[in-house]
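Visitor: Input: one structure, supplied below.
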Amino acid sequence: MTVGVDLLLKAGSVVLTTVLAIFIKKILEDKPKLITYLIHASAIPLNSQSPSPQQASQVNTHTFVVKNTGRVSAKNVRIGHNYLPNSFQVFPQINYQILNNPNGSAELLIPVLVAGEEIAISYLYFPPTVYTDINSYTKSDEGFAKMVTTIPVPQPTRLAKIIVLGLMLVGASSIVYWTASYFFAPYLSELIS
């Protein structure tokens, strides 16, 4: 393999890898991405002076979060409920509608959730209802939300992210270079000579 072909393959692989990375990133990120997660669920005992069988002995609560992690606004976000308790709060205060269904279920309809926006819905209800009886789905005009199990972890620094992306670019460029040199080097050397 001549120096001209080798140089052409190396430069072409870097350019091709960069163009592919930009194209794939644009396809994957230029849309809304809804995620949902449960912050906490708890049962709080009520301390009363005269407990009677008719009184509830505890109150249940949980907070459900919906976030648009995409780069585009999500339209008509619907948060489905098998059962919507009378006591709930949406934070921060945003415009929403309650759509009651004939079977007793309900939806909270949020017209727009802009990119990066996050809302939390806190519920308060009494036994025997538990948090798994409340929420059923979250979706928008663009598709269903992804339920995320959260685990608190420290986020990498900006420098660490840049280093990892640089190493990924070098690795992808090397793969493209070796693939191109294996399959296209004989043809390119004939064209150059």
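Visitor: Among 137-147, 161-171, how do they line up from the highest to the lowest mean number of other beta-carbon atoms within 10 Å? Before the final figure, lay out the partial values.
Guide: Numbers: 137-147: 15.6, 161-171: 11.4.
So the peptides 137-147, 161-171, ranked by packing, come out 137-147, 161-171.
Visitor: So what's the net charge close to residue 79: Lys and Arg +1, Asp and Glu -1, counting the other residues with Cβ under 9 Å from its Cβ? Before the final figure, lay out the partial values.
Guide: Numbers: positive: 78, 139; negative: 107.
Surrounding charge for residue 79 is +1.
Visitor: How far apart, in nm, are the 7 Å Cα→Cβ label points at residue 182 and residue 149?
Guide: 3.8
Visitor: For region 91-102, just list the computed ³J(HN,Hα) in residue order, Karplus coefficients 6.51, -1.76 and 1.60, θ = phi - 60°, integers in Hz, with x standing in for Gly and Pro.
Guide: 10, x, 4, 9, 6, 8, 10, 9, 10, 8, 9, x
Visitor: Using a Gaussian network model of the chain whose springs link C-alpha atoms within less than 10 Å, name the residue from 111, 127, 102 with the highest mean-square fluctuation.
Guide: Among 111, 127, 102, the largest GNM mean-square fluctuation belongs to 102.
Visitor: Of the heavy-atom accessible surface of the chain (probe 1.4 angstrom), what whole percent is carbon and sulfur? Numbers along the way, then the final one.
Guide: Details: 8420 of 13140 Å².
It is 64 percent, rounded to a whole number.
Visitor: Another one. How high is the FRET efficiency between residue 114 and residue 175 when r is their beta carbon distance and R₀ equals 45 Å, given to the nearest 0.05? Don't skip to the answer; put the middle values down first.
Guide: Working: r = 38 Å, r/R0 = 0.84.
Once the sixth-power term is evaluated, E becomes 0.75.
Visitor: Which of the helices in the chain, when you take each full DSSP H run, stretch at least 18 Å along the axis at their Cα atoms and have an average Kyte-Doolittle score of -0.5 or higher? It would help to have the intermediate numbers written out before the result.
Guide: Working: long enough: 3-29 (39 Å, 1.56); 158-183 (37 Å, 1.37).
Qualifying helices: 3-29, 158-183.
The values are calculated or read from the model by the stated rules, or taken from the named source; none is laboratory data. None of these values were measured; they are calculated from a predicted model. Please note: Cβ atoms are built from the backbone with ideal geometry, for glycine as well, and neighbour counts cover all protein chains shown. The accessibility values were calculated without ligands, DNA or RNA, using every heavy atom of the protein model including side chains. Shrake-Rupley method; radii C 1.70, N 1.55, O 1.52, S 1.80 Å.
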